[in-house]
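Structure record follows, encoded as structure tokens.
The values are calculated or read from the model by the stated rules, or taken from the named source; none is laboratory data. Keep in mind it's a predicted model, so treat the numbers as computed, not measured. Neighbour counts are summed over all protein chains in view; Cβ atoms, including those assigned to glycine, are modelled from backbone coordinates with ideal geometry.
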Amino acid sequence: MNHNDFNKLYPRRTGLLTPRNMEKAGYAGLTVLTILTVLPIIAVVIYILVQGAPAISPSFIFDMPRDGMRAGGIWPAIVGTIYLTVGTAIFSVPLGIGAAIYLAEYAPDNRVTQMIRIAIINLSGIPSVVYGLFGLGLFVLFLKFGSSILAASLTLSIMTLPVIISTTEEALRAVPHAFRVVSISLGATRWETIRRIVLPQALPGIVTGVILGLERAAGETAPILFTGAAFFLPRLPQSPLDPTMALPYHLFVISTQVPGMPVQIQYGTVLVLLVFVLGMNLIATWIRSRARARRQW
Amino acid sequence: MIARNRLTEIGVTRLIQLAGFSSIIFMGMILYFLLTEGVPALGEVSLRELFSSRWYPIEGFYGILPLITGSLMVTIGAMLIAVPFGLCAAVYISEVAPPRLAAVLKPLVEILAGLPSVVLGFLGIVILSPFLRRFLDLPTGLTAFTGSLLLGGIAIPTVISISEDALNNVPRSYREAARALGATGWQTIWGVTVPAARSGILTAVMLGVGRAMGETMAVMMVTGNAPVLPSSLGALFEPARTMTATIASEMGEVATGSEHYHVLFFIGIVLFLFSLVVNLIASRLVFRSKGRAERVLS
Amino acid sequence: MSLFEIYDLTVEYSDGTESLQGVTMNIEANEVTCLIGPAGGGKSTFLRVLNRLNDLADVKKVSGKVMFKDMNLLDPKIDVIDLRRRIGMVFARPLPLPLSLYENVAYGLRTAGERSKAKLDRAVEQALRQAQLWDEVYDRLDAPASRLSGGQQQRLCLARTLSLEPEVVLLDEPTSALDPISTAKIESSILELKERYTFIVAPHSIQQAGRIADHVAFFLQGELVEYQPASEIFTRPRDKRTEDYLQGRFG
């Protein structure tokens, strides 16, 4: 079949519906849909900034709430969220990094390892409120920690674990295999190789993953509802066995449970929570891009 | 000196192994506690009662059917929004957008993923639901539809990022081959690239379903919390109640060990099973597609 | 008694790639022994058996006997950490660790537990001098190793291996990625140092074997075809296949 026959059999489409025009229209459609997806995100962030900024003042940040939380500040909620985030980090970071090291450096390719991977995937998919039930059953009631920072942190830790494990494992696997062979050939043991070469090289990636995991924990409400969150406390928690206020739960309370709540306090609280969470996100992104630029391999 | 180093090595190795196995241990513990606290519900409430259509715990009615249908309705609504938008955005970011624009869009999607669900719930209450009430002329803006819209927003980042990974993993040579045969970029995307990435995209959809089904706070804040069995499509614009919201709003007030307490844990088991199925399907898709790629390569 | 006495060494990988079949040979101390032959013939595998780096690979089966002095290297119970300090290795590609020059060379000693700064300083300088790199880098030992040129990096790797004062140094095509000047420096290091160390080298060309070898072993598809003093094998190869290879008919 020569080219003329081809053109007779399959005449070039003319008019509006040429493949070129279809492509143009399709791309335009995709662009519009993407803009529709992304624009609300920007709008929401800006809107919260504008609405919340007037509420922000030193006394809003550092004062205790007054008048049934309708006045005063949100200091105990801020402190509580910091406590919970740090508490979560204490448990989940060593455990998560350990598990990732196991999977990346030690685990044989067998059924047990595959079971671990499936367990991690499933842990990451369990609804956060089910973690709350689990924390209530194990930490609050069975281990008798009561509704406390300790119980809530432990619950959040287990929820955060899959994120930390998978990002850390990815960071470890990105370190070239040759470094390990060289280190071993010089008489280093496996652990020395990990400690002296692999971990330092993977550190930025690990830190990024840890922050992203903790960011999620800091913004969660459902897992702490029955494990450690308090509606209102007249003073800051004194020990890990005390319950605590927390920013996300506080926002839930003042937007649904308290009638006659001044809108400004609500938006102020949203803004503080957002700065907290997106600030962590920003730090993580910054560490990642800086490490990529400096990497020697 | 040497001996001490060897001891460190053995000790550290044991600790790392223990950490490695922790996920299985936690998975087992979660299952154990859900079962010990939730299964007694079956002794206290008959199975027929449990799957009846009336949820009114104060008077001893524990029918979880309206809660299950509430969850399903809101989730399906959310996916009808998240899948088309998420997939199109993923295709746009990975196949169409110039690299610089893609580098801006990706962090924006991450911001959406990082927004705590209470923040979305709050915005749902103060902005979205009054708007819907006026715009659609409803008696209340707190409806299943409002929940679907928010959940769609919550599931979109999951759908985008995992579909985008899948699209990026399609070998360049596939696209080049299609272009060499005279296909336009548009034809290549829908004729070659997206079909080649379909198992990854299905995984994205499944994980999006899991995310939407398991979401608690945003749904609880905007769906109006009415445990009614939907009778028609119009129920989408009436208040509803999901399983997650029921646990979250009622667990705080029940007596430990009571009937109501056990039934709430039983709902937890149902949710756990839903997420298990969704995740097993998603991970099977991943494992299977990997196996296929390896077969092709060897 | 020879330094290495190898009987009937057979190695098979799970994926069926490069293997060894029934290799029997002795390797003498304080000589340069070169392993030649086409790629995939078993040279790398042979080298990796000698310091047990094969432990990291997916090996299906190893049999035979590899005596190093009075130690059987195939015995799973031997102290491989100690063995790798006594038998060092330099790889084909320059592979500096992502550390400073100094820390690269001191790495082996530090992991062995050496804490004395003075001893480390002395060992680093000595190793860098032996690898003929000291004069080029003595004033920037704290710079990242990745900033050196490829040739310098490979000499750094040689110095890193020598810093442990091993008994044997294995070199797997150490100059395949290098310029002629760096290649010459590495070859002259080897010739100068063979009174102190035993070298087993997979050279990257027959010519290189000719310049440095005392003994030459010709490997073909996992089989040791011929093993002779260098002067013999280059002038009067006994096996037809060796002759063909040396004359460039294949390889």
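Of C:6, C:36, C:27, C:78, all but one fail to be in contact with a strand residue (DSSP E or B) (Cβ under 8 Å, 6 or more places away or on another chain) and closer than 23 Å to residue C:112 by Cα; the exception is C:78. Of the residues making up segment B:89-106, just one is outside any helix (DSSP H, G or I) and more than 8 Å from every other protein chain (Cβ to nearest Cβ), namely B:98.
In summary, residue B:202 fulfils each of the numbered conditions (1) free of Cβ contacts under 8 Å to residues at least 60 places away in the same chain; (2) surrounded by fewer than 19 Cβ atoms within 10 Å (Cβ to Cβ) with the single exception of condition (1). Taken together, the residues in segment B:22-40 that are more than 7 Å from chain A (Cβ to nearest Cβ), surrounded by fewer than 17 Cβ atoms within 10 Å (Cβ to Cβ) and either among the small types (Gly, Ala, Ser) or under 20 Å from residue A:116 (Cα atoms) (or both) amount to 4. For segment A:214-233, does any single residue satisfy the condition of being farther than 30 Å from residue A:123 by Cβ and more than 13 Å from chain B (Cβ to nearest Cβ)? Looking through segment A:214-233, at least one residue is farther than 30 Å from residue A:123 by Cβ and more than 13 Å from chain B (Cβ to nearest Cβ). Under the condition of being at the interface with chain A (Cβ under 9 Å from one of its Cβ atoms) and either in contact with a Pro (Cβ under 8 Å, 6 or more places away or on another chain) or not in a helix (DSSP H, G or I) (or both), the residues counted in segment B:258-271 number 1. Could you check, for segment A:161-184, whether at least one of its residues is facing chain B (nearest Cβ under 8 Å), in a loop (DSSP other than H, G, I, E, B) and among the aliphatic types (A, V, I, L, M)? No, segment A:161-184 contains no residue that is facing chain B (nearest Cβ under 8 Å), in a loop (DSSP other than H, G, I, E, B) and among the aliphatic types (A, V, I, L, M). Once segment A:126-147 is narrowed to residues that are in a loop (DSSP other than H, G, I, E, B) and aliphatic (A, V, I, L, M), the residue that is nearest to residue B:256 (Cα to Cα) is A:143. Just one residue in the set C:217, C:202, C:209 is touching a Cys at 6+ places or on another chain (Cβ under 9 Å), over 25 Å from residue C:128 (Cα atoms) and not acidic (Asp, Glu); that residue is C:217.
For segment A:218-248, a residue qualifies if it is closer than 14 Å to residue A:151 by Cα and in a helix (DSSP H, G or I), and the qualifying residues are A:222, A:223, A:224. Listed here are the helices (runs of 4 or more DSSP H) enclosed by segment C:1-120 that have at least 2 residues being farther than 30 Å from residue C:234 by Cβ: C:80-86, C:101-111. Answer yes or no: is there a residue in segment B:53-69 that is buried (at least 18 other Cβ atoms within 10 Å of the Cβ), over 14 Å from residue B:262 (Cα atoms) and within 14 Å of chain A (Cβ to nearest Cβ). The answer is yes; a qualifying residue exists. Being touching a Phe, Trp or Tyr at 6+ places or on another chain (Cβ under 8 Å), among the hydrophobic types (A, V, I, L, M, F, W, C) and within 14 Å of chain B (Cβ to nearest Cβ) is a property that residue A:194 lacks.
If the condition is being crowded, with 17+ Cβ neighbours inside 10 Å and aliphatic (A, V, I, L, M), then segment A:46-63 contributes A:48, A:55. Pairs meeting the criteria (first residue in segment C:87-102 and over 23 Å from residue C:49 (Cβ atoms) and more than 7 Å from chain A (Cβ to nearest Cβ), second residue outside any loop (DSSP other than H, G, I, E, B) and of a type in the set (A, V, I, L, M), beta carbons under 6 Å, at least 6 apart or on different chains) are C:96/C:145; C:96/C:156; C:101/C:137; C:101/C:145; C:102/C:124.
Take the conditions surrounded by 15 or more Cβ atoms within 10 Å (Cβ to Cβ), of a type in the set (Gly, Ala, Ser), away from chain A (no Cβ under 14 Å) and in contact (Cβ under 8 Å) with a residue 60 or more places away in the chain and apply them to residue C:44. Does it pass? Spelling it out, it is not the case that residue C:44 is surrounded by 15 or more Cβ atoms within 10 Å (Cβ to Cβ), of a type in the set (Gly, Ala, Ser), away from chain A (no Cβ under 14 Å) and in contact (Cβ under 8 Å) with a residue 60 or more places away in the chain. Being at the interface with chain B (Cβ under 10 Å from one of its Cβ atoms) and modelled with pLDDT of 90 or more: is that true of residue A:85 here? No; evaluated as a whole, the condition is false for this residue. Annotation note: of A:204, A:234, the sole residue that is out of contact with any His (no Cβ under 6 Å at 6 or more places or on another chain), farther than 25 Å from residue A:268 by Cβ, surrounded by fewer than 24 Cβ atoms within 10 Å (Cβ to Cβ) and not hydroxyl-bearing (Ser, Thr, Tyr) is A:204. Out of B:132, B:128, B:67, B:138, one residue alone is under 20 Å from residue B:238 (Cβ atoms), in contact with a Lys or Arg (Cβ under 9 Å, 6 or more places away or on another chain) and among the aliphatic types (A, V, I, L, M). It is B:67. Here is the figure for segment B:107-116: residues that are at the interface with chain A (Cβ under 7 Å from one of its Cβ atoms) and either surrounded by 24 or more Cβ atoms within 10 Å (Cβ to Cβ) or at pLDDT 95 or above (or both) total 1.
Here is a check on your reading of the model: is residue A:248 touching a strand residue (DSSP E or B) at 6+ places or on another chain (Cβ under 9 Å) and at pLDDT 95 or above? Criteria met by residue A:248. All conditions but one from (1) modelled with pLDDT under 95; (2) more than 8 Å from chain A (Cβ to nearest Cβ); (3) surrounded by fewer than 21 Cβ atoms within 10 Å (Cβ to Cβ) apply to residue B:5; the one that does not is (2).
Of the residues making up segment B:231-257, those that are part of a helix (DSSP H, G or I) and loosely packed, with under 15 Cβ neighbours inside 10 Å are B:233, B:234, B:252, B:253.
In segment B:35-47 there is at least one residue that is touching a strand residue (DSSP E or B) at 6+ places or on another chain (Cβ under 7 Å) and at pLDDT below 95. One residue alone among A:123, A:103 is within 10 Å of chain B (Cβ to nearest Cβ), in contact with an Asp or Glu (Cβ under 8 Å, 6 or more places away or on another chain), aliphatic (A, V, I, L, M) and not in a loop (DSSP other than H, G, I, E, B), and that residue is A:103. Looking across B:86, B:77, one residue alone is assigned to a helix (DSSP H, G or I), more than 14 Å from chain A (Cβ to nearest Cβ), surrounded by 15 or more Cβ atoms within 10 Å (Cβ to Cβ) and under 15 Å from the mean Cα position of the chain (by Cα). It is B:77. Between A:97, A:78, A:82, the distinction of being assigned to a helix (DSSP H, G or I), free of Cβ contacts under 8 Å to residues at least 60 places away in the same chain and either in contact with a Leu (Cβ under 6 Å, 6 or more places away or on another chain) or surrounded by 13 or more Cβ atoms within 10 Å (Cβ to Cβ) (or both) belongs to A:82 only.
Determine whether segment A:268-281 contains at least one residue that is of a type in the set (S, T, N, Q), more than 21 Å from residue B:222 (Cβ to Cβ), exposed (fewer than 15 other Cβ atoms within 10 Å of the Cβ) and within 11 Å of chain B (Cβ to nearest Cβ). No, the conditions are met nowhere in segment A:268-281.
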